[in-house]
Protein chains: 2
Amino acid sequence: MDGSPSPASQSPWMPFESRRRARDEKREAVLRMAVQLFLEQGYHRTTLNDVAERLNITKPALYNYFSGKDEILYECWAIGQERVDDCLNEIAAGGGSGLAKLRKLIVGYAEVMTTDYGKSLVRFDMRDLTEHNRRIVQLAKRKIDRAFRSYIREGIADGSIKPCDAKLSAFAIAGSLNWIGHWFQPGGKLPPETIAEEFAIHLTEGIAAKTTRKKAEKPPVKAKKMRGGTR
Amino acid sequence: MDGSPSPASQSPWMPFESRRRARDEKREAVLRMAVQLFLEQGYHRTTLNDVAERLNITKPALYNYFSGKDEILYECWAIGQERVDDCLNEIAAGGGSGLAKLRKLIVGYAEVMTTDYGKSLVRFDMRDLTEHNRRIVQLAKRKIDRAFRSYIREGIADGSIKPCDAKLSAFAIAGSLNWIGHWFQPGGKLPPETIAEEFAIHLTEGIAAKTTRKKAEKPPVKAKKMRGGTR
DNA sequence: CCCGTATATTACCCGCGGGTAATAAATAGT
DNA sequence: ACTATTTATTACCCGCGGGTAATATACGGG
């Protein structure tokens, strides 16, 4: 039934009939289309008409779900941020050396960066948001930065990481990871997991206390649990 | 202003030259103000009125020097690119191992990234440009990317760099460097040169064949080994 | 069946900002 | 001083696109 007859469009609004989808699903559909277009064309070059049209609806319909364009932008960002937060929480829940935590963060963050919502964390201009939302974003960014730095400091303290400037190292690592959001596209030959693992090794190779050439201990990166709910 | 070194009577071309020079200076003043505002407020939120106003002129006056807003954006980018090109040419002219060249590039590129025009290389959206200019930009970006990769490959070939995936390593390094353009601001306690040197060491620490503290061949990078404490 | 609510549409507003005359003021060349 | 050219100003156009009002259609409950 809900199997759309024509997969040409992922939109729940098939021209006329089945419009009885749950509200949240429609909201999500809007966000998925929006983030895709924002990334593809840029926020300012993407009109709400563009978004609506590709969903087989009209612009004002969007206002049933969002208060304005900037809120859509914010929600896209928020979904990506949520995934990073999940990652941070998982790490905080687990144990391990500073280096181990840092690597977990790199792997998780890198994988997020290969998704549309993840890209929105670094490709969107936060100055397009309202003052209120912008502050939330800035706070979140500081949180991520602090995580990187504190894991590095932790690693230095526990001996798993060589003494180094935590701030600069964090910038270097975060920069490499954020850049993924600019060059990665799903079609490539390197799958996200491979990229993430390679980066986890490479980016810590310079600061790890011991030689990093260990192949074991990592293959099963833990059950990567898929959260069913999208949001 | 420009004290004419000799009376105009001696050189009939002098007036012409001086006028052209004055024109170029004004053009540059426009670009300096534009790049500053574009970085500060973002391209789309910066109006030509903003630019003109801060220069004590009016919007249409800008059209004496530029054909439109997008051309101003392009010229800002071009200045930054020129500096990178200078850096690339210097490296190409000199010698050294692949690793040495890579480090030179890191130092040079990092320093460019701390300038306004350098930031424009990574903070501006090329999709705001005309098709023609966008193609030039893409070409230049590929050129830089090729430089990173080829130095790495060269380093692997001559033994100065450990075997690794040149493409991924280049992305990682370029990402760290490009990120500088997002976080650096002149007021900080770390001067650009220090950042550049630190990055040159850190970013190659993982892939350098031997311990990084070697002064073999040429010492293009000052032996600033001071690791650990940093400051 | 009727009504309330949620959802969608059509038609419109309007402000922002890039770009363009038409024209005035400055500067060089003779 | 007169003229041509460059450079600047004032005043305007107009299209794009975010946002709104009025309205139509569907759905669910009594």
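Every read-out reported here was derived from the displayed coordinates using simple, explicitly stated rules and does not represent laboratory data. Here the structure is a predicted model, which means the values were calculated and not measured. Note that we place each Cβ from the backbone using ideal geometry, even for glycine, and neighbour counts take in every protein chain shown.
Table for the structure above
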{"item": "Given B:69/B:104; A:59/A:119; A:101/B:162, the pairs whose alpha carbons are separated by over 30 Å", "result": "B:69/B:104"}
{"item": "Relative contact order computed over segment A:80-205 (Cα-Cα under 8 Å; 6+ residues apart), in percent", "result": "40"}
{"item": "Ascending list, in nanometres, of distances separating the residue B:23 label from those of the other copies (7 Å, Cα toward Cβ)", "result": "6.3"}
{"item": "Sparse-neighbourhood loop sites, GluC sites (Glu not before Pro) in segment A:18-107 - DSSP loop, at most 16 other Cβ within 10 angstrom", "result": "none"}
{"item": "Fraction in percent of alpha-carbon pairs per bin - 5 Å, segment B:77-231", "result": "2, 9, 19, 22, 20, 14, 9, 3, 1, 0"}
{"item": "Ascending list, in nanometres, of distances separating the residue A:131 label from those of the other copies (7 Å, Cα toward Cβ)", "result": "4.4"}
{"item": "Per-copy distances of the residue A:67 label point, shortest first, in nm (7 angstrom along Cα→Cβ)", "result": "4.3"}
